[in-house]
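Visitor: Quick one: the structure is below, questions incoming.
What follows is calculated from the coordinates using simple rules that are stated; it is not laboratory data. Computed from a predicted structure; not experimentally measured. Every residue, glycine as well, gets a Cβ built from its backbone with ideal geometry; the counts of neighbours run over all protein chains shown.
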Amino acid sequence: MFHQSRGASHFLLSLLGILSAFILLIAPMLSIPVRGYADDTKSIEDMVGDINGDGVINILDLTLLKLILNGTLSPNGNSDVDSNGKLNLLDPAALIRIIFGNNPLPHGGGGGGGGGPAPTSTPTATITPTPTPSPTPVPICNLTTTSGTGGHVTTPGEGTYGFNCGSIQNIVASASKGYFFINWTGDTATIADVNSASTTIIVDGNYSIQSKFTNSSTNYTLTPTSGAGGDVTPPGEAGPYTYSDGQVVNIVATPDVCYHFVNWTGDTGTIANVNAASTTITMNGNYSITANFAIDPQSLTTTSSS
């Protein structure tokens, strides 16, 4: 029995010697550098799939032997690899541990597959951009312009035009040769001056206006005044004011505090309503008119003590 045991030992040592010699012989042929496996942060399993589930190195894989012999494996405190990353080929015990899996090389030491599960990357959160709110659309109001005989509306033109509601727009009427501008008619409440050929209008609704012209070269004057308790506005009291023959002129009487309008007097034959504070007068001649006012009735309340 003893002789059999000694024979087996001699056989094992001879086998190890042959294996060592075989590795030493093929080492020069495996000296080509292997790129990409010098990263000390990776285990053998990370670099190549050369360790099975038991952590045993596949010695038949020349690529792995190349890694070992070229010193591309980190010692990591493993006594089977020297400080230069070379496998100690002269240590039979180290070869036994490496080949038969008792002391594999992967990072972290120990047997079994080593290395642990590969780290998983954390997915990058997708940032959804905040949508830019759409501006609130501005409502559109239409202005329709036309003209009578003797001229045209040149600004903005003649037709229907859309503008932002509440905007102020220029309006201009141009008379043809031999004609004169009279006034603007239609929806004229927001026109700055209906008697001016070039003026403005506040387009805060759908309006239709028309420019009027005359071919008469005759002009007449209007002289407005007022009694106590108010004023004429417009056209004012700084007259006389000159207008074309047949022109329709707006006149407005504005009472003071504690007064009220009574009527228009003077050359009132062409005033549309002499009893209205706001009315019109048609200029067929030279006229003088007066706005009359009266003080408001006052009530007196008396009390008596018994």
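Visitor: Counting only the backbone N, which residues of segment 260-278 are under 17 Å from the spot 7 Å out from the Cα of Asp231 toward its beta-carbon?
Guide: Correct set: 260-261, 278.
Visitor: Loop only per DSSP, at most 12 neighbouring Cβ atoms within 10 Å: give me the chymotrypsin sites (Phe, Trp or Tyr not before Pro) in segment 173-265, ordered by residue number.
Guide: Loop-located and lightly packed - none at all.
Visitor: So, one more: Under a plain spin-label model, where a point goes 7 Å from the Cα along Cα-to-Cβ, how far apart in nm are Lys177 and Glu158?
Guide: Between Lys177 and Glu158, the simple spin-label model gives 1.8 nm.
Visitor: Oh, and also: Suppose we look only past 19 Å in the calculated P(r) of segment 137-215. What percent of the Cα-Cα pairs does that tail hold?
Guide: Details: 856 of 3081 pairs.
Every Cα pair in segment 137-215 considered, those over 19 Å come to 28 percent.
Visitor: Counting other C-beta atoms within 10 Å, which of His260, His152 has the fewest, and how do the rest follow?
Guide: Numbers: His260 14, His152 17.
Result, fewest neighbours first: His260, His152.
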